[in-house]
Amino acid sequence: MLIVQKYGGTSLAGAGRVHAAARRVTGLYQQGAQVVVVVSAQGDTTDELITKAEFVNLRGSAREMDMCLAVGEQLSAALMAMAIGALGYPAISLTGWQAGITTDGTHGNARITGLGNDRIQKELEKGNIVVVTGFQGINPKGDITTLGRGGSDTTAVALAAFLQADLCQIYTDVDGVYDRDPRLYPGATRFGRISYEKMLKLIEGGAQVLHDRSVEFARDYHIPVEVLSSFTGAPGTIVGP
């Protein structure tokens, strides 16, 4: 069984949370699953990088901004691989370009177009847990591109599609998909299962739990996506047919 897991920024904010995610990943590996982990930048790292870039040049080019912002996910991937290694399991971190994630040429809001090599598959065959930077890929010119806010969701689902994974799990700070924002409405109802189409309508209405392109990928490639909390251990919401 092949499972792709994605961990968002709040799920990796601090060494304790990185180690907690690593324990969850290695638990799956111990059960015999092949695991690909997609990571976002830790906490507020992306916002901090934007602030640093704008302090230097308010009108910096989109290409250089992508070079700057890609650093956040690279740090997360290395730390996650180190945390997995500290638990005694084999892991390797890959940037978007090392993993072969190809995109169009749109800096700051690129679309994933394919998987350009078999590096991930080769690492899985070696017995490694593969940790991949979310939110980024490489365009036809060989330049780093980023996928826009929430783009790590799309990275995870796209990899699940290209690798023909059995399941894609999105770990976040809420325990599933709700009809309203549970942080604002205590009476919000959580879905045990929701269709791709209904999920896309919720996103159109302002729901931010998943990136719209990730749901489109899941729908087009028939990948079940589970949205669940990094903190509660409770079952989440399955987004599927």
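Just so it is clear, none of the values below were taken in a lab; they were calculated from the coordinates. For clarity, every value in this text was computed on a predicted model and none was experimentally measured. Cβ atoms come from the backbone with ideal geometry, glycine included; neighbour counts cover every protein chain shown.
Worth pointing out:
- Legend: Rg and Dmax of region 76-200, from Cα coordinates, 16.6, 50 Å.
- Percent breakdown of C-alpha pair distances by 5 Å bin, ordered from the shortest bin, for region 75-132: 4, 20, 22, 21, 16, 10, 6, 2
- By the count of other C-beta atoms within 10 Å, a proxy for reagent exposure, PHE217, PHE191, PHE135 are ordered fewest to most as PHE191, PHE217, PHE135.
- Distance between the pseudo-spin-label points of TYR221 and ASP179 (7 Å out from Cα toward the beta carbon): 3.2 nm.
- Value of relative contact order over the chain, rounded to a whole percent, pairs C-alpha under 8 Å and six or more apart: 21
- Residues of region 36-51 with amide N under 11 Å of the 7 Å Cα→Cβ point at ALA188: none
- Computed from the C-alpha gyration tensor, the three semi-axes of the ellipsoid equivalent to region 113-186 are 28, 18, 10 Å, from longest to shortest.
- Each Lys and Arg Cβ is given +1 and each Asp and Glu Cβ -1; about its Cα centre, region 114-230 then shows a dipole of about 100 debye.
- Size descriptors for region 28-78 (Cα atoms only): Rg and Dmax, in that order, 15.3, 50 Å.
- The ranking of MET65, MET1 from fewest to most other beta carbons within 10 Å of each one's beta carbon is MET1, MET65.
- Once the gyration tensor of the Cα atoms in region 15-109 is diagonalised, the equivalent ellipsoid follows with semi-axes of 30, 16, 9 Å, ordered largest first.
- For the chain, the Cα-based Rg and Dmax, in that order, read 16.9, 50 Å.
- Here the scattering of region 163-241 is modelled by Debye summation over its C-alpha atoms, one equal scatterer each and no solvent; at q = 0.19 Å⁻¹ the log10 of I(q)/I(0) is -0.75.
- Net charge of Cβ neighbours under 10 Å - reference VAL225; Lys, Arg +1; Asp, Glu -1: 0
- Stretchable slack from LYS141 to ASP166, in nm (0.36 nm times residue separation minus alpha-carbon distance): 5.7 nm
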